[in-house]
Structures are given as structure tokens and as C-alpha cells.
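Report on the following structure.
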Amino acid sequence: MEIRNEIEANGRKYTPASNCAVVICIDGCEPEYLDVAISEGLMPNLKRIRSEGTDALAHSVIPSFTNPNNMSIATGRPPSVHGICGNFLFDPETGEEVMMNDVRFLRAPTLFSKYYEGGSRVAVVTAKDKLRALLGSGLNFDEDRAICFSSEKADVATKVDNGIHNASEWLGRPVPEVYSAELSEFVFAAGVKILKEWSPDVMYLSTTDYIQHKFAPHQQGAKDFYAMTDKYIGELDAMGVALVVTADHGMKPKHDTNGEPSVVYVQDLLDQWLGQGSARVILPITDPYVVHHGALGSFATAYLPEDVDRNEIISKLSNTDGILLVIDKAAAVQRFDLPPDRIGDIVMISTENMTLGTSVDRHDLEALKEPLRSHGGLTEQEVPFIVNRKINLPGAPELRNFDAFFYASIAANTRNVN
């Protein structure tokens, strides 16, 4: 198929050029991580790119969780359009709480599928397999123009389902432990090799935030991670790609002075006020990988009985220590661009150093080995947005992380300043 120079999506023109457009989503990359690592000489490549290219801050979508933001980056649209508003969903019709990682939940085509339809070669590598199916939606692996796999399941990748056979063997690296920095390094190493051997037109690399949940910016584990990341950023940049580095969300400490998790258990409060089980609190951060956050984040939604005075509940929750914002569904849909059929009657966001839980007995926090760090709210919305070319960018809040591929397509047609 002839490669067309331009695709149209979301009312914008995306133009791949002769060099590859690459977007890196560093999961949980609070801007302070980069500032600390650069100040200590651990990221010389990114320091140079910041100086010679374009350095900005953007806003993530709310809730500032992994799935909503990765899919916003992948589609160029907010959750109200693509439908993925959390890692976890409550279906009122069935009464079931389910993972929102199935393609059936996706309501908009990805930019990757649009590029593919336009004849481009597309590569997507993600750390956790929970995102792989969503990111690969619309790709056809029969024509050797698409690759999409996860580090987590690299050894079972197939040509039919992923566009590559046994990515672990191909890369010469064993499948890393899920809770490790190596899971993200696998993504970077694969991206470099794909670029060298397969020459994609568009590539997306998405990591995991295990390290960011575990280590603060000044701790050695974080410094080691960002030094490793910088090595691969340097390799990609040296190959002439148009590169955008951004994040799905930030990360903040969510613990008290003793290192214990700081939590408002909202289900317990609603049970006290309304009766046991009358309301239902949903935590969209919930996923199979709870070791590093215990299903505790800064965003929650709740379904209330029909006969309850919502304004009264909103007022009570708003006056609860640790809760920053409580609004009803209509206000949340308008303010945060959320799909109304996938959130509850109210939405709650906690303060910077607090999380929201359901009931005390429903959270197993034994696996938390370090003081809790998490995300999901407004205080984790600011993320880096760095381009390795000089281009004009608006600032946050106008600039969004899901503008990444739009500006990567502009950068791909801009002369490299290096």
C-alpha cells in the first residue's frame, strides 16, 4: 500500500515524515523526577534536548490514572470521546465491577489505526499487558506494517496477534518481573531495536510506574531509573527521530509522618450516613497490579440511592479532611470530559497527600513495603512535555499530554536542531 503523507483525525492533520515520530510515555513521571536527575548529571541527553529542543509542561486527563491517559495519548481525545475513564469500571446494569481493558470499552479509533490505514508502519510497545489490546485496536498484523506487544507477555507474542514472534527471544532479554524497573527498560530496548531493524513511521513506548510508586525523586532507585531512561532517549534521539517525552500522570507522597498510608475510607463514611451498602464507591485505580499502590488513589466515584439528597452528601464529603473536591456527575462530565454512563452520581478528589479508599477491611496493604506514593487527582495532573525539535507549544493547561502525536508529527517535519 502506498504511504500517504497525511492523515486526518480529531479535526487535525497528522503528517508522518521521512523520519520516525516517537512518543515516550514515562508512567508516573512527576516533573520533579526529571529536575532532580538532570540537576545531578544523570540525564545529560535529556538536559541537552531540553535546551536545544522545546521544554514545556502539560496537563493529563482526570482521573490522572494510567489507562485513561494512555488511551487519550493514543487517540488524541479525552475520555468523553474514547470512553476509557479508569482502569476499573462499575456497570450498573449488571452490578459487576470489571477491568476496563477490553477493546469493547473503546469508543474511538486510535491514531495508530489511522496511521496504519494510511499506509504507515506502526510500532507500539507497552510495559503491562493490560494496555496492549486497547493500544493495538484496529491494527492488522498480516502485512508486516504493525507491531504491538507488552514486556510482560513478550515471550508469548506471535506474528498473528502482535506482529512479532517471541519478542523476548528476538530482543535477547528474559521477560522481566512485573514489579521491576527492568519491565520499563525492556520497552526502551525494544524500541531502539525496532527503530534500527524495522524502520517504523510512528512508534509509541509506554512504561510502568512501579519505580515512581516506590521511590521519591531524590531516592537512589529513582535516580538509577532515570539514568537508564536517559541512555535510551539518547540512542533514539541520535537516530534522528522526532521525539516527544511526556507522562500519563504525576506522583505524590500519600502517607503520614510515620510512613502509614493516608486514606479517607469513603465507603465507610457513606455506610455510616446512609446505611450499610446503600451507596457504592468505585476506585478506578483498581487493577491486577496493586502491590505498589494498594488500590489507593486520589480519585473516586460513588453511586448513591435515588432518594438521597445528593447536595447534602456532597456537602458532608466536602467538609471531610483530606478531600479536595466533590462534584456531581453533570459537573464532573463537563469539567473533566468524562463519559456520563461510566461514572457514578458524584466524583471525589483528595488533597495532594491523601488517598481515597472504600472500606478499611477491603484494602490489603500488607504488600506495601515503602510509604505510599500514588496519583489520580488534580495534584498529579501536571506532566512533562519535551520535544527534541524547536517548535511552538502552548503552555498548560491548554497543552495536554494527548497532544503528543500531533506535535510529534509537526516535529517530524521540522529540521533537527542537533
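The values are calculated or read from the model by the stated rules, or taken from the named source; none is laboratory data. Owing to the predicted nature of the structure, the values given are computational and were not obtained by experimental measurement. Every residue, glycine among them, receives a Cβ derived from its backbone with ideal geometry; neighbour counts consider all protein chains shown.
Surrounded by fewer than 21 Cβ atoms within 10 Å (Cβ to Cβ) and more than 27 Å from residue 282 (Cα to Cα): is that true of residue 119 in this structure? Even if it seems obvious, please write down each step before you answer.
Details: surrounded by fewer than 21 Cβ atoms within 10 Å (Cβ to Cβ): yes; more than 27 Å from residue 282 (Cα to Cα): yes.
So residue 119 fits the description; yes.
Would you pick out the residues in segment 178-214 that are of a type in the set (D, E, K, R), out of contact with any Leu (no Cβ under 7 Å at 6 or more places or on another chain) and farther than 18 Å from residue 26 by Cα? Walk me through it before giving the result.
Taking segment 178-214 and keeping what is of a type in the set (D, E, K, R), we get 182, 185, 193, 196-197, 201, 209, 214.
Subset that is out of contact with any Leu (no Cβ under 7 Å at 6 or more places or on another chain): 182, 185, 196-197, 201, 209, 214.
196, 197, 201, listed by residue number.
Which residue pairs have Cβ atoms closer than 7 Å, lie 6 or more positions apart in sequence or on different chains, and pair a first residue in segment 402-418 that is modelled with pLDDT of 95 or more and surrounded by 24 or more Cβ atoms within 10 Å (Cβ to Cβ) with a second residue that is assigned to a helix (DSSP H, G or I) and hydroxyl-bearing (Ser, Thr, Tyr)?
As it stands, the answer is 402/72, since those pairs meet every condition given.
Kindly provide the set of residues from segment 183-218 that are out of contact with any helix residue (DSSP H, G or I) (no Cβ under 9 Å at 6 or more places or on another chain) and within 18 Å of residue 380 (Cβ to Cβ), ordered by number.
213
Which ones in segment 294-313 are without any contact (Cβ under 8 Å) to a residue 40 or more places away in the chain and in a loop (DSSP other than H, G, I, E, B)? If you could, list the steps in order and put the result at the bottom.
Of segment 294-313, the ones without any contact (Cβ under 8 Å) to a residue 40 or more places away in the chain are 305-312.
Across segment 294-313, the qualifying residues are 305, 306, 307, 308, 309.
Determine whether segment 366-375 contains at least one residue that is under 25 Å from residue 95 (Cα atoms) and either modelled with pLDDT of 95 or more or out of contact with any strand residue (DSSP E or B) (no Cβ under 9 Å at 6 or more places or on another chain) (or both).
Taking segment 366-375 as the starting set, the residues that turn out to be under 25 Å from residue 95 (Cα atoms) are none.
No.
Test of understanding: among 356, 317, 304, 399, which residue is under 22 Å from residue 213 (Cα atoms), out of contact with any Pro (no Cβ under 7 Å at 6 or more places or on another chain) and either surrounded by fewer than 23 Cβ atoms within 10 Å (Cβ to Cβ) or at pLDDT 95 or above (or both)?
Within the list 356, 317, 304, 399, the selection yields 356.
Can you say whether residue 38 is not in a helix (DSSP H, G or I) and not assigned by TED's automatic domain parsing to the domain that holds residue 286, as far as the supplied structure shows? Walk me through it before giving the result.
Working: not in a helix (DSSP H, G or I): no; not assigned by TED's automatic domain parsing to the domain that holds residue 286: yes.
So residue 38 fails the test.
Considering 257, 208, 246, which residue is surrounded by fewer than 22 Cβ atoms within 10 Å (Cβ to Cβ) and of a type in the set (Ser, Thr, Tyr)? Give the steps one after another, and end with the answer.
Details: 208 fails: surrounded by fewer than 22 Cβ atoms within 10 Å (Cβ to Cβ); 246 fails: surrounded by fewer than 22 Cβ atoms within 10 Å (Cβ to Cβ).
Only one candidate passes the filter, namely 257.
For segment 132-142, which positions are surrounded by fewer than 24 Cβ atoms within 10 Å (Cβ to Cβ) and not in a helix (DSSP H, G or I)?
Of everything in segment 132-142, those that are surrounded by fewer than 24 Cβ atoms within 10 Å (Cβ to Cβ) and not in a helix (DSSP H, G or I) turn out to be 137, 138, 139, 140, 141, 142.
In segment 215-242, what residues are of a type outside the set (Ser, Thr, Tyr), within 20 Å of residue 203 (Cα to Cα) and in a helix (DSSP H, G or I)? It would help to see each step written out before you state the result.
Residues of segment 215-242 that are of a type outside the set (Ser, Thr, Tyr), as a first pass: 215-225, 227-228, 230-231, 233-242.
Filter once more, keeping what is within 20 Å of residue 203 (Cα to Cα): 228, 230-231, 233-242.
If the condition is that a residue be of a type outside the set (Ser, Thr, Tyr), within 20 Å of residue 203 (Cα to Cα) and in a helix (DSSP H, G or I), then 228, 230, 231, 233, 234, 235, 236, 237, 238 are the ones that fit.
When residues of segment 86-111 are filtered for being modelled with pLDDT under 95 and either part of a loop (DSSP other than H, G, I, E, B) or small (Gly, Ala, Ser) (or both), how many remain?
Number satisfying all stated conditions: 9.
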